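Derivation of every value follows stated rules applied to the coordinates shown; laboratory data play no part. Bear in mind the structure is a predicted one, so any value in this text is a computation, not a measurement. Heads up, the Cβs are rebuilt from the backbone with ideal geometry, glycines too, and the neighbour counts pull from every protein chain shown.
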Amino acid sequence: MNNVYIYNDTFLSLLNLIDYLILHHIKPYQIKNSQYQSTLLDNVVHLAIEEKDIAGKIVREMGSYSLQQMYYVFLSNVEAKELILYYFYLNGLKYYRDIFKYRNLKCVDKVLKIAKLVQNECHKYKGFVRFKEFNNHVLYAEIEPSSDCLEILSIHFKRRLKNEYWIIKDVRRNLLSLYDKKEFHIVDGTTFSLDNILESREEEKIENLWKAFYQTIGIKERKNDTCRRNFMPKKYWKYMLEVKSEL
């Protein structure tokens, strides 16, 4: 039977599970979150593991940069990300802070490549998120990222829009980040309804002004669609007011 080890969907839970498997010399066939749909060949294993300061342990032994890169991999949508992190941590306990000198190791190379893709997507969304205002002065935006970057964006907009109420919805995962001018809370979209929230009467005017501004600053003779797609890939256009009509 193929042993599939299950963690409870959080980054720290995954790290604690990986640490436990390595300390007990267990080589997993797969590591999956609680949403995993098992097959007849799988032996699903739920371990009762005592939570410990695993993040602190990784920082002490491998450095804060390693923990950061591991977190970005966790946020990715890569199918085997848990196993990649398992082998990266396994080698990290061997090479410690020198782990990134061993780029020839597949797990190290994959961690760096995946983390960079996630970082790039999160960075782009910081500039491509478009808010609209509701009647109760709540700002609302929708995103559909490949990676699970809602928390990183929430931290960013908590600083940028700290004096506003706002909601960011991850449409792909049906998650909502709700900010109350103090803290943000990420909740399941099925537990929070937006049906009774209407757009502000001024919103259409603001949207038209923004469209007019975008069209005005563009120089028709210097239009370069290839260059524009390089800086603003089409995957982001769906929720960007100024260009979604061009899809």
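For the peptides 169-181, 91-103, 140-152, 226-238, residues were scored by their other Cβ atoms within 10 Å and the scores averaged per peptide; the highest-first order is 140-152, 169-181, 91-103, 226-238. For the modelled label position 7 Å from the Cα of Leu47 along Cα-to-Cβ, which residues of the range 70-94 have backbone nitrogen atoms closer than 18 Å? Zone members listed by number: 81-94. Each distinct pair of alpha carbons in the range 192-247 adds a 1/r term; the inverse of their mean, the Kirkwood radius, is 13.5 Å. GNM on the chain, alpha-carbon springs under 10 angstrom: the most fluctuating residue among Ile54, Ile168, Ile84 is Ile54. Angle, helix 106-128 long axis vs. longest principal axis of the chain, Cα atoms, 0 to 90°, nearest 10? Around 20 degrees separate the two axes. Each of Phe184, Phe88 was scored by other Cβ atoms within 10 Å of its Cβ. Listed from fewest to most, they are Phe184, Phe88. When the listed pairs Lys132/Lys169; Lys27/Lys52; Lys116/Lys182; Lys181/Lys244; Lys132/Lys158 are checked against a 24 Å cut-off, the alpha-carbon distance exceeds it for Lys116/Lys182; Lys181/Lys244.
Electrostatic tally near Lys32: other residues with Cβ closer than 13 Å to its Cβ, Lys and Arg +1, Asp and Glu -1, net -3. Whole Å is fine, so just give me how far the alpha carbon centre of the range 189-245 lies from that of the range 127-166. Answer, in whole Å: 15.
Entry note, the range 125-246: relative contact order of 25 percent, from Cα contacts under 8 Å with a spacing of 6+ residues.
Report note on the peptides 16-26, 111-121: ranked by the mean count of other C-beta atoms within 10 Å, highest first, their order is 111-121, 16-26.
Its relative contact order, with pairs defined as Cα atoms under 8 Å and 6+ residues apart, puts the chain at 13 percent.
A DSSP coil position with no more than 13 other Cβ atoms inside 10 Å describes the following GluC sites (Glu not before Pro) in the range 164-239: Glu183, Glu202.
Computed from backbone phi with θ = phi - 60° and the Karplus coefficients 6.51, -1.76 and 1.60, the 3J(HN,Hα) list for the range 134-144 is 8, 4, 8, 6, 9, 8, 9, 9, 10, 9, 9 Hz; x is used for glycine and proline. Hydrodynamic estimate: the Kirkwood radius of the chain over Cα pairs, inserted into Stokes-Einstein at 10 °C and 1.306 mPa s, corresponds to D of 77 µm²/s.
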